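Mind having a look at this structure? Questions to follow.
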Amino acid sequence: MQITETLAEGLKREYQITVPAADLETRVNSKLAEAQPEVEMKGFRKGKVPMALLKKQFGPRILGEAMQESVDEAMQGHLDESGDRPAMQPDVKMSNDNWKEGDDIVVSMTYEKLPAIPDVDYKA
């Protein structure tokens, strides 16, 4: 996962998050392997459905879930690491509109961070 700062203007921040296709593929495969023992499909015993059929049947939905989790994880990791506190929910948009399976995911995240508020000494 790669996070690149593209805008730092006052309190406004914009970052480009790149999730490699290999990371996404491993996440999808692990989710399918996790669900495989519970899946019942006509013609197969419970838990014995081939991975290729699972991928064909449930692949697009699980791919969407994996994409969402990957981007959310990257955003949360960045916010924790940088210490930024967004004033509102970050605006997240896919940068590559003609994305297809097997490509890296490129997302732009824009938000305004809360300013640092200094501690005030009230004893004076």
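Only residues that are more than 27 Å from Ser108 (Cβ to Cβ), surrounded by 14 or more Cβ atoms within 10 Å (Cβ to Cβ) and not aliphatic (A, V, I, L, M): list them for segment 30-57, please.
Gln36, Lys55, Gln57
For segment 85-117, name all the residues that are modelled with pLDDT of 85 or more and either in contact with a His (Cβ under 9 Å, 6 or more places away or on another chain) or at positive phi (or both).
Met109
Against the definition (assigned to a helix (DSSP H, G or I), on the phi < 0 side of the Ramachandran plot and touching a residue at least 12 places away in the same chain (Cβ under 8 Å)), how does Gly64 come out, yes or no? Write out each step before concluding.
On the way: assigned to a helix (DSSP H, G or I): yes; on the phi < 0 side of the Ramachandran plot: yes; touching a residue at least 12 places away in the same chain (Cβ under 8 Å): no.
It is false that Gly64 is assigned to a helix (DSSP H, G or I), on the phi < 0 side of the Ramachandran plot and touching a residue at least 12 places away in the same chain (Cβ under 8 Å).
Please list, ordered by first then second residue, the pairs with beta carbon atoms under 8 Å, 6 or more apart or interchain, first in segment 1-23 and acidic (Asp, Glu), second at pLDDT 90 or above and not in a strand (DSSP E or B).
Asp23/Ser70
Among the candidates Asp72, Asp103, Asp91, which residue alone is out of contact with any Leu (no Cβ under 7 Å at 6 or more places or on another chain), among the charged types (D, E, K, R), free of Cβ contacts under 8 Å to residues at least 12 places away in the same chain and surrounded by fewer than 13 Cβ atoms within 10 Å (Cβ to Cβ)?
Numbers: Asp103 fails: free of Cβ contacts under 8 Å to residues at least 12 places away in the same chain; Asp91 fails: free of Cβ contacts under 8 Å to residues at least 12 places away in the same chain.
Of the residues listed, the single one that is out of contact with any Leu (no Cβ under 7 Å at 6 or more places or on another chain), among the charged types (D, E, K, R), free of Cβ contacts under 8 Å to residues at least 12 places away in the same chain and surrounded by fewer than 13 Cβ atoms within 10 Å (Cβ to Cβ) is Asp72.
Among the residues of segment 9-60, write down those that are touching a strand residue (DSSP E or B) at 6+ places or on another chain (Cβ under 7 Å), under 23 Å from Met94 (Cβ atoms) and either hydrophobic (A, V, I, L, M, F, W, C) or in a helix (DSSP H, G or I) (or both).
Our first condition is that a residue be touching a strand residue (DSSP E or B) at 6+ places or on another chain (Cβ under 7 Å); within segment 9-60, this holds for 11-19, 24.
Then keep just the ones that are under 23 Å from Met94 (Cβ atoms); that gives 12-19, 24.
Selection gives Ile17, Val19, Leu24.
Among the numbered conditions (1) surrounded by fewer than 12 Cβ atoms within 10 Å (Cβ to Cβ); (2) over 16 Å from the mean Cα position of the chain (by Cα); (3) within 21 Å of Gln2 (Cβ to Cβ); (4) in contact (Cβ under 8 Å) with a residue 24 or more places away in the chain, tell me where Pro86 comes up short.
(1)
The values are calculated or read from the model by the stated rules, or taken from the named source; none is laboratory data. Computed from a predicted structure; not experimentally measured. No Cβ is skipped: glycine too gets one built from the backbone with ideal geometry, and neighbour counts run over all protein chains shown.
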